[in-house]
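Taking it in order: structure first as structure tokens, then the write-up.
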Amino acid sequence: MSPGLVVLVLTLLLGMQPVTTDLYLPALPALTQGFGATMAQAQLTLTALLLAFGLSQLVWGPLSDRFGRKPILLWGMGLFVVAAIGGAFAGSMEQLIAWRTVQGVGMGSAVMCARAVVRDLYAPTEGARMMSKGLTGLGVIACVAAPLGGLLSDLYGWRIALLMLAVFGAGTLALLAMRFQETLPRRNPEALHPGKLLRTWATIARHPTFWAWTLLATGSYAGLFTFLASSSFVLIGVLGLSKTQYGLVMFTMSLSYILGTFLCRRLLVSLGVRRTVAMAAVVTITGGTLMGLLPRLGVEGLWSVLLPFYLFMLGHGVHQPCGQSGAVAPFPQAAGAASALAGFLMMLVAFGIGGWLGLALAEPALGAGTVRPLTDGIWFWSTLITLTAWTLVQRHGETHQPPQRMSTT
């Protein structure tokens, strides 16, 4: 495949996640009211999707090491399209949660395989640059997804917004079927053997480089997810934005993230991976601290939330490509398994955040009716990101070291 086609495939596969979340976020308060559901049930439409997304990667990863990336992608995207159609026509909140769970399973194949494909084709440093290009494309998709979701929800209702997920999934499936070429250099016939698989995961889990980069990527995604899961309730319900205005706000957030991915590619060339991440952490902790302190100083408005979060998203554009590619870099012979384990840990944390936000957005004692469930959460994750970037990544983040011998060879 040409480099341009690889970037397009990465963009669509990685973009499956923001499309599935961002497109329906502007409609989340409306569909919650339409079904007469609780705040906790509304959060479950997101957290159940992400838990299924994380768990499914533990299955998709070894399957892709055994049978190749392409068949797994085709099956996963087919499942995603069917679930998206089912969710759009759900008759109750319980049905919607069930279909969103199935959707998460299909989505897991896309994002897991994207990380594995990068490791199949590129050495670690070049892999970080290619991942950054794919995540730039993700940012472009996220720019479109939230405003489009808000507009469709305002004009035609939330079901049409959810139906657009099926359209995106079907287009991605068609491209994969017609143009994607298998990237796995050699299939591993023992990848699904229970004993071998457990030893592979144990080897990955003992590797300090894996943990340094996985914790960085997980903390960065956790901050983003805190915003995604709470922002529609805070910005629409507390600060009074319309659904269309909310979509435009999400558009500007994505622009900041795209700028971060461009900066990432430039800094990688001159500074290397670890110094790039350390510099980005300065931006992250500045934005997170401002978000946490301003409400405590009595400043609680739209711009007191947005301006610091622009800084967080700028850092996110550096931490994600470096973290996701760095986590799988030491494991070229088990990239699927390493990608799956990293993805599972990220989504496990996101599931916990969703559960906490379901309580915080409903309980006055935890900040319901204010911006603090959002701002305090991002302050917390910004601190964790910075500590990881300045300590673990600097000690163990050397991604060009020789890979450990895997038990699956």
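The values are calculated or read from the model by the stated rules, or taken from the named source; none is laboratory data. These figures come from a predicted structure and were not determined experimentally. We place every Cβ from the backbone using ideal geometry, glycine too, and count neighbours over all the protein chains shown.
Within the bounds of segment 51-64, is there any residue that is more than 18 Å from the chain's Cα centre (by Cα) and small (G, A, S)?
Within segment 51-64, one or more residues are more than 18 Å from the chain's Cα centre (by Cα) and small (G, A, S).
Here is a yes/no grid of residues against (1) closer than 23 Å to A145 by Cβ; (2) surrounded by fewer than 24 Cβ atoms within 10 Å (Cβ to Cβ):
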| site | (1), (2) |
| --- | --- |
| S2 | no, yes |
| V7 | yes, yes |
| P29 | yes, yes |
| G87 | yes, no |
| M93 | yes, yes |
| L96 | yes, no |
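Suppose the filter is surrounded by fewer than 24 Cβ atoms within 10 Å (Cβ to Cβ), touching a residue at least 60 places away in the same chain (Cβ under 8 Å) and among the β-branched types (V, I, T); does V238 pass it?
On the way: surrounded by fewer than 24 Cβ atoms within 10 Å (Cβ to Cβ): yes; touching a residue at least 60 places away in the same chain (Cβ under 8 Å): yes; among the β-branched types (V, I, T): yes.
The answer is yes for V238.
Residue-wise test of (1) of a type in the set (A, V, I, L, M); (2) surrounded by fewer than 24 Cβ atoms within 10 Å (Cβ to Cβ); (3) free of Cβ contacts under 8 Å to residues at least 24 places away in the same chain; (4) under 30 Å from T200 (Cβ atoms).
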site: A329; (1), (2), (3), (4): yes, no, no, yes
site: P332; (1), (2), (3), (4): no, yes, no, yes
site: A338; (1), (2), (3), (4): yes, no, no, yes
site: A342; (1), (2), (3), (4): yes, no, no, yes
site: A350; (1), (2), (3), (4): yes, no, no, yes
site: W356; (1), (2), (3), (4): no, yes, yes, no
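Taking only pairs six or more apart or across chains, which ones have beta-carbon atoms under 9 Å, a first residue in segment 182-196 that is in a loop (DSSP other than H, G, I, E, B), and a second residue that is loosely packed, with under 15 Cβ neighbours inside 10 Å and at pLDDT 85 or above?
Going by the 9 Å Cβ cut-off, the qualifying pairs are E182/P71.
Name the one entry in G76, G87 that is modelled with pLDDT of 85 or more, in a helix (DSSP H, G or I) and either more than 24 Å from G355 (Cβ to Cβ) or over 22 Å from the mean Cα position of the chain (by Cα) (or both). Can you show your working first?
On the way: G87 fails: either more than 24 Å from G355 (Cβ to Cβ) or over 22 Å from the mean Cα position of the chain (by Cα) (or both).
Result: G76 is the single residue among G76, G87 that is modelled with pLDDT of 85 or more, in a helix (DSSP H, G or I) and either more than 24 Å from G355 (Cβ to Cβ) or over 22 Å from the mean Cα position of the chain (by Cα) (or both).
Could you tell me whether any residue of segment 268-285 is touching a helix residue (DSSP H, G or I) at 6+ places or on another chain (Cβ under 7 Å), more than 12 Å from I378 (Cβ to Cβ) and not in a helix (DSSP H, G or I)?
There is no residue in segment 268-285 that is touching a helix residue (DSSP H, G or I) at 6+ places or on another chain (Cβ under 7 Å), more than 12 Å from I378 (Cβ to Cβ) and not in a helix (DSSP H, G or I).
Please work out which residue is modelled with the lowest pLDDT, limiting yourself to segment 238-252 and to residues that are touching a Ser or Thr at 6+ places or on another chain (Cβ under 9 Å) and hydroxyl-bearing (S, T, Y).
In this case the residue turns out to be T244.
When segment 358-379 is examined, which residues are found to be part of a helix (DSSP H, G or I) and either closer than 20 Å to L49 by Cβ or touching a residue at least 60 places away in the same chain (Cβ under 8 Å) (or both)?
In the first step, residues of segment 358-379 are kept if they are part of a helix (DSSP H, G or I); the result is 358-360, 364-366, 372-379.
If the condition is that a residue be part of a helix (DSSP H, G or I) and either closer than 20 Å to L49 by Cβ or touching a residue at least 60 places away in the same chain (Cβ under 8 Å) (or both), then G358, L359, A360, R372, P373, L374, T375, D376, G377, I378, W379 are the ones that fit.
Taking the criterion of being free of Cβ contacts under 8 Å to residues at least 60 places away in the same chain, farther than 30 Å from H193 by Cα and not acidic (D, E), would at least one residue in segment 43-55 satisfy it?
For segment 43-55, residues free of Cβ contacts under 8 Å to residues at least 60 places away in the same chain, farther than 30 Å from H193 by Cα and not acidic (D, E): present.
Look through M346, M313 and report the one residue that is crowded, with 24+ Cβ neighbours inside 10 Å, within 22 Å of Q394 (Cα to Cα) and at pLDDT below 90.
Numbers: M313 fails: at pLDDT below 90.
Only one candidate qualifies: M346.
If I filter segment 98-108 for residues that are in contact with a Phe, Trp or Tyr (Cβ under 7 Å, 6 or more places away or on another chain), hydroxyl-bearing (S, T, Y) and crowded, with 20+ Cβ neighbours inside 10 Å, do I get at least one hit? Steps first, answer last, please.
First, pick out the residues of segment 98-108 that are in contact with a Phe, Trp or Tyr (Cβ under 7 Å, 6 or more places away or on another chain): 103-104, 106-108.
Of the ones still in play, those that are also hydroxyl-bearing (S, T, Y) are none.
The answer is no; no qualifying residue exists.
If Y257 satisfies every condition in (1) in contact (Cβ under 8 Å) with a residue 60 or more places away in the chain; (2) more than 16 Å from the chain's Cα centre (by Cα) but one, which is the exception?
For Y257, the exception is condition (2).
In segment 52-85, what residues are buried (at least 24 other Cβ atoms within 10 Å of the Cβ) and among the basic types (K, R)?
R69
Considering only segment 171-191, I want to know if a residue exists there that is under 19 Å from the mean Cα position of the chain (by Cα) and buried (at least 18 other Cβ atoms within 10 Å of the Cβ).
So in segment 171-191, the residues under 19 Å from the mean Cα position of the chain (by Cα) come out as 172.
The next check asks that each one be buried (at least 18 other Cβ atoms within 10 Å of the Cβ); those that pass are 172.
The answer is yes, given that some residue of segment 171-191 is under 19 Å from the mean Cα position of the chain (by Cα) and buried (at least 18 other Cβ atoms within 10 Å of the Cβ).
One residue is enough: does segment 247-255 have a residue meeting the conditions out of contact with any Gly (no Cβ under 8 Å at 6 or more places or on another chain), among the aromatic types (F, W, Y) and under 20 Å from L224 (Cβ atoms)?
Looking for residues that are out of contact with any Gly (no Cβ under 8 Å at 6 or more places or on another chain), among the aromatic types (F, W, Y) and under 20 Å from L224 (Cβ atoms), one finds at least one in segment 247-255, hence yes.
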